[in-house]
Every structure is written in C-alpha cells, then in structure tokens.
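Visitor: Can you keep this structure in mind? I'll have questions shortly.
The values are calculated or read from the model by the stated rules, or taken from the named source; none is laboratory data. Given the structure is predicted, the values throughout are model-derived calculations rather than measurements. Here the Cβ positions follow ideal geometry from the backbone for every residue, glycine too, while neighbour counts run over all protein chains shown.
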Amino acid sequence: MTTTIARAPRRSKKPAVCLGALCVASLLCLPGRASAAEPAQGAKGVEQHDGFMLRLTIGLGYGSGTESVPVVGDVQLSGPSGFFSLDIGGALVDNLVLHGRLSDMVVASPTVSINDEELGEANDASLTFYLFGAGLTYYVMPANVYLTGVVGIAKASADNGTDEASSTKAGFGFEGDIGKEWWVSDNWGLGIAGRFTFASVPDEVTPGDSITLQALGFGVLFSATYQ
C-alpha cells in the first residue's frame with residue numbers, strides 16, 4: 001500500500017510592509033503639506049502691512065531756511081542736511097497705516113546768502129527744523145512701494161556754535177515720502193525713500209514782532225520698518 005503525504009504549498013516570501021510607513025508616505029504626498037515650520041507667504045501677519053507699525057528713517061540731502069528781515073532783506077541759510085524720523089502707529093485696514101511722526105532736518109555749517117548774494121559758510125553753526133505730526137502711509141502691494149504724507153506742528157532752532165541758541169514759535173509743517181522696501185523677515189522690511197520737507201514758522205525778531213521763516217528740504221533716506 002502506498003501512502004501519499006500531501007505537502008503544504010510553499011508560501012512566496014514577500015517583504016513586509018509597515019502600515020505606519022504607508023500612512024506617513026501618503027500624508028507627505030498630499031498637496032499643501034509643506035513644513036509647518038515655514039509659514040507660507042501671505043499668511044496672516046507674514047509679509048503684510050497689518051497691525052502695529054514702527055518705522056525708522058535716516059538719510060542725507062539738501063535743506064534751506066529763508067526769511068525776509070526788515071532793512072536787511074532776504075536771508076537764507078542753506079546746505080547739505082541730515083534727515084531723521086520715527087513713525088509709530090497701526091493699520092486701519094490692510095496696507096493703510098495711521099501713525100505719528102517725530103522728525104528733524106539739520107542744516108550744518110550752512111551757506112549764508114543775503115538777497116541771493118553768498119557771504120560764505122557759517123562754520124560751527126546749524127539750523128534745525130522739527131516736526132511732530134500725524135501721517136498716513138499707503139502701501140502698494142505686492143510691490144511694497146509706499147506713499148506717506150504727514151502734517152503737524154513745526155519749530156526751528158538756530159545754534160551759532162556758542163552757548164547761545166534761539167528758537168522760533170510753533171508753526172506748520174509737512175513731509176511727503178515715497179519709498180520702496182524689501183522684506184528681510186516675516187515682519188521686517190528694509191528700503192530706500194525720497195523725502196520732501198516744508199515748514200513755515202513765526203520767528204520773533206523783536207517782542208511782539210514776528211517774521212516768517214520757511215524751510216525746504218529734499219533727502220534720500222534708508223528705512224527700516226517693522227509690521
């Protein structure tokens with residue numbers, strides 16, 4: 001009698017597949033599954049002009065102060081000037097910012113002219129115009145170009161290089177900026193701007209008698225903005 005022993009069929013050896021690995025691979029293949037550590041450009045608060053704003057500017061240009069002095073004539077102090085401003089505020093809506101500004105324009109060692117005749121430089125002397133006002137800045141996006149207008153209270157002071165200094169009463173001031181910035185982080189932008197400065201302030205020459213001192217300035221400034 002022949003006995004037949006049935007053999008179990010051989011199982012093919014297949015590599016084991018980890019279910020967890022399949023899940024991870026599937027998730028990574030889904031669109032939009034970028035690293036959560038890298039916020040997408042345009043996300044709320046990232047490379048946008050919303051919320052709190054702080055801007056600093058500093059630069060160089062040309063400035064002048066002119067007034068008509070009785071008997072003497074038109075007196076002008078002019079020359080290379082330094083510009084500075086600090087803006088603090090917040091966005092009313094995206095890309096439109098309301099802010100306060102504190103700024104100055106300093107004409108150092110100015111050239112003195114009377115009735116358009118140059119008399120030379122006033123060494124160690126300086127003429128400074130100050131502005132404290134309210135402004136609006138509008139950003140044209142995505143170019144990140146901005147337009148700023150500021151109006152407020154202006155004053156001027158003159159220093160002749162000695163212990164004596166004089167200042168004017170408060171008057172009117174205006175500044176206009178046009179600038180371009182580049183994002184260097186989620187909230188910081190660095191850029192360059194052009195500025196126009198105007199001021200008209202009363203200068204008391206004798207008690208109760210004032211004349212008008214007018215300032216004009218043009219500058220190129222570097223800017224740093226946090227928002």
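Visitor: What number of residues in the stretch 186-227 are within 24 Å of G171 (Cβ to Cβ), among the hydroxyl-bearing types (S, T, Y) and touching a Ser or Thr at 6+ places or on another chain (Cβ under 7 Å)?
Guide: Total satisfying the criteria: 2.
Residue-by-condition table, conditions (1) more than 16 Å from the chain's Cα centre (by Cα); (2) in a strand (DSSP E or B):
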{"position": "Y139", "(1), (2)": "no, yes"}
{"position": "A154", "(1), (2)": "yes, yes"}
{"position": "G161", "(1), (2)": "yes, no"}
{"position": "S185", "(1), (2)": "no, no"}
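Visitor: Enumerate the pairs (first residue in the stretch 144-166 and surrounded by 15 or more Cβ atoms within 10 Å (Cβ to Cβ) and of a type in the set (K, R); second residue anywhere and at pLDDT 85 or above and in a strand (DSSP E or B)) with beta-carbon separation below 7 Å, excluding pairs fewer than 6 apart on the same chain, so at least 6 apart or on different chains.
Guide: Once the first residue is surrounded by 15 or more Cβ atoms within 10 Å (Cβ to Cβ) and of a type in the set (K, R) and sits in the stretch 144-166, its partners that are at pLDDT 85 or above and in a strand (DSSP E or B) give K155/Y130; K155/S167; K155/V201.
Visitor: Please find, within the stretch 62-78, the residue that is farthest from F218 (Cα to Cα) out of those that are in contact with a Leu (Cβ under 8 Å, 6 or more places away or on another chain) and of a type in the set (G, A, S). Steps first, answer last, please.
Guide: We begin by selecting, within the stretch 62-78, every residue in contact with a Leu (Cβ under 8 Å, 6 or more places away or on another chain); these are 63-67, 77.
From what's left, of a type in the set (G, A, S): 63-65.
Working: G63: 6, S64: 10, G65: 13 Å.
Across the stretch 62-78, the extreme among qualifying residues is G65.
Visitor: Hey, could you check the stretch 69-123 for residues that are among the hydroxyl-bearing types (S, T, Y) and within 27 Å of the chain's Cα centre (by Cα) and say which is nearest to N160 (Cα to Cα)? It would help to see each step written out before you state the result.
Guide: So in the stretch 69-123, the residues among the hydroxyl-bearing types (S, T, Y) come out as 78, 81, 85, 103, 109, 111, 113.
Subset that is within 27 Å of the chain's Cα centre (by Cα): 78, 81, 85, 103.
Numbers: S78: 14, S81: 16, S85: 24, S103: 22 Å.
Restricting to residues being among the hydroxyl-bearing types (S, T, Y) and within 27 Å of the chain's Cα centre (by Cα), the top hit is S78.
Visitor: For the stretch 130-143, what are the residues that are closer than 18 Å to I192 by Cβ and either of a type in the set (S, T, N, Q) or surrounded by 15 or more Cβ atoms within 10 Å (Cβ to Cβ) (or both)?
Guide: T137, Y139
Visitor: Of the residues T168, T212, only one is closer than 20 Å to S126 by Cβ and out of contact with any His (no Cβ under 9 Å at 6 or more places or on another chain); which? Before you say what the answer is, go through the steps one by one.
Guide: Details: T212 fails: closer than 20 Å to S126 by Cβ.
When all the criteria are applied, what remains is T168.
Visitor: A further question follows. Going through the stretch 91-105 one residue at a time, which ones are part of a strand (DSSP E or B) and surrounded by 13 or more Cβ atoms within 10 Å (Cβ to Cβ)? Can you show your working first?
Guide: Narrowing the stretch 91-105 to residues part of a strand (DSSP E or B): 91-93, 96-105.
Passing the criteria: A91, L96, V97, L98, H99, G100, R101, L102, S103, D104, M105.
Visitor: Still on this structure: Of the residues in the stretch 189-212, how many are without any contact (Cβ under 8 Å) to a residue 12 or more places away in the chain and either among the polar types (S, T, N, Q) or surrounded by 14 or more Cβ atoms within 10 Å (Cβ to Cβ) (or both)? Spell out the reasoning first.
Guide: Taking the stretch 189-212 first, the residues without any contact (Cβ under 8 Å) to a residue 12 or more places away in the chain are 206-209.
Applying the additional criterion that residues be either among the polar types (S, T, N, Q) or surrounded by 14 or more Cβ atoms within 10 Å (Cβ to Cβ) (or both) yields 206.
Within the stretch 189-212, residues that are without any contact (Cβ under 8 Å) to a residue 12 or more places away in the chain and either among the polar types (S, T, N, Q) or surrounded by 14 or more Cβ atoms within 10 Å (Cβ to Cβ) (or both) number 1.
Visitor: Could you tell me how many of the residues in the stretch 167-188 are free of Cβ contacts under 8 Å to residues at least 24 places away in the same chain and under 20 Å from F84 (Cα atoms)? Before you say what the answer is, go through the steps one by one.
Guide: So the first thing to find is which residues in the stretch 167-188 are free of Cβ contacts under 8 Å to residues at least 24 places away in the same chain, and the list is 167, 184-185.
Add one more test, that the residue is under 20 Å from F84 (Cα atoms), and what stays is 167.
Residues meeting the conditions: 1.
Visitor: Given the conditions (1) of a type outside the set (A, V, I, L, M, F, W, C); (2) in a strand (DSSP E or B); (3) more than 19 Å from L56 (Cα to Cα), and given that K169 satisfies all but one, which numbered condition is not satisfied?
Guide: (2)
Visitor: Further question on the same structure: Mind counting the residues in the stretch 62-109 that are on the phi > 0 side of the Ramachandran plot, in contact with a Pro (Cβ under 9 Å, 6 or more places away or on another chain) and modelled with pLDDT of 95 or more?
Guide: 1
Visitor: Still on this structure: Has the stretch 213-225 got any residue that is exposed (fewer than 15 other Cβ atoms within 10 Å of the Cβ) and closer than 19 Å to K155 by Cβ?
Guide: Scanning the stretch 213-225, I find no residue that is exposed (fewer than 15 other Cβ atoms within 10 Å of the Cβ) and closer than 19 Å to K155 by Cβ, so the answer is no.
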